[in-house]
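Read the structure below first, then the notes.
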Amino acid sequence: MKYVVSHKAFKKIYRMNAKLGIQNLINLIPDRYYLKFVYRIQLGRRLNLDSPVTYNEKLQWLKIYDRNPWYTNLVDKYEVRKYVKNILDEKYLIPLLGVWESFDEIDFEKMPDEFVLKCTHDSGGIVVCNSKKKFNKDLARSKLNKLLNNNYFDYLREWPYKNISPRILAEKYMTDGSGVNNDQLKDYKFFCFDGIVRLVMVAKDRFEIPKSNFYNTNFELLNLKIGNPNFDEKIEKPINFDLMINIAEKLSAGLKHVRVDLYNIDGKIYFGELTFFHWGGFSIIEPYEWDIEMGSWINLKD
């Protein structure tokens, strides 16, 4: 299956359009036609919205036809904390250091020496500080201000992000006993369908060359690659893996499909985020049969 424009290249095109002021015109294109266009140039095939079959196709269908206002709170990185606390317990949340509407509201004198800054309304944009003496505040301000002015919905029309109030939040800088910290922590991503975990992704080297492997619920390695390359390192099944699955299923109950991201640090489980559209529904899934198999797990009949 050959594609025309990679996900990374398309993101660069989007940013260029925003700089040139073209994006406002592109935003006028109805979602259905915009998604068909992006699907064609990223995956090299037509998007079937009338009778979707594959995982990627069904994610696009859900963007258009499954628009529960509740989803906005679930992808808001601040508001979702209330949901996790209510369903589980506050102990599963990474400690919150503060939330602000603008960068200049942050009182860095009161911040610890290490912390993580992120925006509540986007995906992937974070600033890590592991030493206030070396922290480049101007660079952080520039990056976060750009993110605050972006509406993440415009990029791939992921509807839950459309109406989030953009804010900056700070969380505790996490590390485990081996010295592994925020930059290298393994990210466990549970693909849930109607509240049932069917697939587990382990992501590593997120700030270098991202790599990921996929496992079934017995933590057996699968012959599957989605977007990023696989890694060769053998990952042992976490001791409390069953508890992680239980947590993911509780948080995904009542949802057609959602990815629940968790961290496992020194045996303690922490919530990361909820993602409704893995890679925006434009990921290269290899072998292609997995795109069909994963698509069969999303039930649109209701």
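Readers should treat all values here as calculations from the given coordinates under stated rules, not as data from a laboratory. This structure is a prediction, so every number in the text was calculated from the model and none was measured. Using ideal geometry, Cβ is built from the backbone for each residue, glycine included, and neighbour counts are taken over all protein chains shown.
At-a-glance table
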item: Rounded Å value of the spacing that divides the Cα centres of the stretch 210-251 and the stretch 87-103; result: 25
item: Virtual paramagnetic centre 7 Å along Cα→Cβ of E101, amide N under 13 Å, in the stretch 131-165; result: 165
item: The stretch 135-275 - Rg (one decimal) and Dmax (whole number), Cα, Å; result: 16.6, 46
item: Quarter of the Cα convex hull surface for the stretch 95-173, i.e. its orientation-mean projected area (nm²); result: 5.1
item: From phi via Karplus (6.51, -1.76, 1.60), per-residue ³J(HN,Hα) for the stretch 194-201 in Hz, x at Gly/Pro; result: 6, x, 10, 6, 10, 8, 10, 10
item: Contour minus Cα-Cα distance for N246 and N230 (0.36 nm per residue); result: 3.2 nm
item: Of the GluC sites (Glu not before Pro) in the stretch 99-173, those whose Cβ has at most 14 other Cβ within 10 Å and which sit in DSSP loop; result: E101
item: Computed lengthening from R45 to I239, 0.36 nm per intervening residue step minus Cα-Cα distance; result: 65.6 nm
item: Pairwise label distance in nanometres, L139 with N86, each label 7 Å out on the Cα-Cβ vector; result: 4.0
item: Length-normalised contact order of the chain in % [C-alpha pairs under 8 Å, at least 6 apart]; result: 20
item: Subset of K143/K186; K91/K256; K118/K301; K172/K225 violating a 30 Å alpha-carbon distance limit; result: K118/K301; K172/K225
item: Cleavage-rule hits (chymotrypsin sites (Phe, Trp or Tyr not before Pro)) in the stretch 189-265: DSSP loop, at most 10 neighbouring Cβ within 10 angstrom; result: F207
item: Karplus-derived 3J(HN,Hα), 6.51/-1.76/1.60, for each residue of the stretch 81-95, Hz, glycine and proline x; result: 4, 5, 5, 5, 4, 6, 6, 10, 6, 4, 5, 8, 9, 5, x
item: Sequence-distant lysines (8 or more away, or on other chains) whose Cα lies within less than 16 Å of K36; result: K58, K63
item: Sparse-neighbourhood loop sites, trypsin sites (Lys or Arg not before Pro) in the stretch 195-302 - DSSP loop, at most 14 other Cβ within 10 angstrom; result: K234, K301
